[in-house]
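Working notes, beginning with the structure itself.
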Amino acid sequence: MKAIRKRRDGYAALLIITVILAAWFTVRLMPKTAFVFGSASVAFFMLLIRQNRLLFDAGLIRDNPILSVPSAVVYTTNGQEKRDAQETIVSTFGILIGSRIYKWNCDGMCGVRLRAIEIDRARIYLTFGDGGETMRVELLHGITDEQAVMDVKQKLWRETGVTAVIHGW
């Protein structure tokens with residue numbers, strides 16, 4: 001979340017600088033240079049809008065958590081493993097892994113969907129993806145009570161509509 005906010009603030013600063021420079025070169029009657037900075041202003045404005053949307057989505061996920069864990073391991077379909085040591089938040093709206101957001105059920109039939117949830121004694125496995133790529137996330141949950149696991153299963157089902165499979169309890 002901090003990385004998204006920092007990137008958004010950087011784009012805002014660059015937008016302000018390019019707008020000021022475009023105006024200054026326009027006043028100085030240097031139209032080619034003013035056009036370049038004006039074009040850069042439009043590009044930074046579009047990036048700023050995108051980052052604001054990502055920040056809004058991250059806030060939505062952070063404010064509506066189902067489960068929050070300190071770290072996650074992400075696997076992709078081509079077998080790559082990526083470890084993230086940052087906080088991971090699972091929500092009704094998606095998952096926030098550090099500064100990466102995976103929203104589910106937002107882009108219609110072609111969007112990312114939560115496909116499966118598995119819970120064992122040490123980890124929760126979430127499988128999600130679109131038609132082209134599937135990702136699997138391992139979350140160390142630290143839950144030791146069987147009733148707490150059943151509560152998490154029930155909450156995940158109510159919030160996401162996906163029934164969790166429990167192993168080893």
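The values are calculated or read from the model by the stated rules, or taken from the named source; none is laboratory data. The model shown is predicted, which means the values in this text are computed figures rather than measured ones. As a convention, Cβ positions derive from the backbone with ideal geometry for all residues, glycine included, and neighbour counts pool all protein chains shown. Quick note on the areas: whole protein, heavy atoms, side chains included, nothing else; ligands and nucleic acids left out. Shrake-Rupley method; radii C 1.70, N 1.55, O 1.52, S 1.80 Å.
Roughly to the nearest percent, how much of the accessible area of region 4-49 is carbon and sulfur, given a 1.4 Å probe?
Carbon with sulfur: 79 percent of the solvent-accessible area.
For Lys2 and Asp130 in one chain, what is 0.36 nm times their gap in residues minus the Cα-Cα distance, to one decimal in nm?
Residue separation times 0.36 nm, minus the Cα-Cα distance, leaves 43.4 nm.
Would you work out what percent of the accessible area of region 115-169, with all protein chains in place, is carbon or sulfur (probe 1.4 Å)?
47
Please find the FRET efficiency linking Ile166 to Thr76, where r is the Cβ-Cβ separation and R0 is fixed at 25 Å, and quote it to the nearest 0.05.
So the FRET efficiency works out to roughly 0.50.
Calculate, for Thr33 and Leu60, the FRET efficiency according to 1/(1 + (r/R0)^6) with r their C-beta to C-beta distance and R0 35 Å; round to the nearest 0.05.
0.30
Under 10 Å, Cα contacts only: if you run a Gaussian network model on the chain, which one of Arg115, Arg62, Arg158 comes out with the highest mean-square fluctuation?
In this elastic network of the chain, the residue with the biggest mean-square fluctuation among Arg115, Arg62, Arg158 is Arg158.
Place the peptides 141-150, 4-13, 87-96 in order of packing, highest mean first, counting for every residue the other Cβ atoms within 10 Å and averaging per peptide. Show your work: numbers first, answer last.
Numbers: 141-150: 12.6, 4-13: 15.9, 87-96: 22.3.
The peptides rank, most packed first, as 87-96, 4-13, 141-150.
Summing -39500 (n - 2.57) over the DSSP H runs of n ≥ 4 in the chain and dividing by its residue number, what mean residue ellipticity at 222 nm do you reach, to the nearest 500 deg cm²/dmol? Let's see the in-between values first.
On the way: 3 runs with 74 residues, N = 169.
My calculation for the chain gives -15500 deg cm²/dmol from helical runs alone.
Given a 1.4 Å probe and heavy atoms of the protein chains only, how would you sort Glu133, Glu118, largest accessible area at the top?
From most exposed to least exposed: Glu133, Glu118.
Give the accessible surface of region 41-169 per residue, rounded to a whole number of Å², with probe radius 1.4 Å and ligands, DNA and RNA excluded.
Result: 56 Å² of accessible area for each residue.
Mind sorting out which of [x] -0.71, -1.09, -1.26; [y] -0.54, -1.13, -1.44; [z] -0.63, -1.14, -1.34 is the real log10 I(q)/I(0) by the Debye sum over Cα atoms at q = 0.13, 0.18, 0.20 Å⁻¹ computed from the coordinates?
From the options [x] -0.71, -1.09, -1.26; [y] -0.54, -1.13, -1.44; [z] -0.63, -1.14, -1.34, the structure gives [x].
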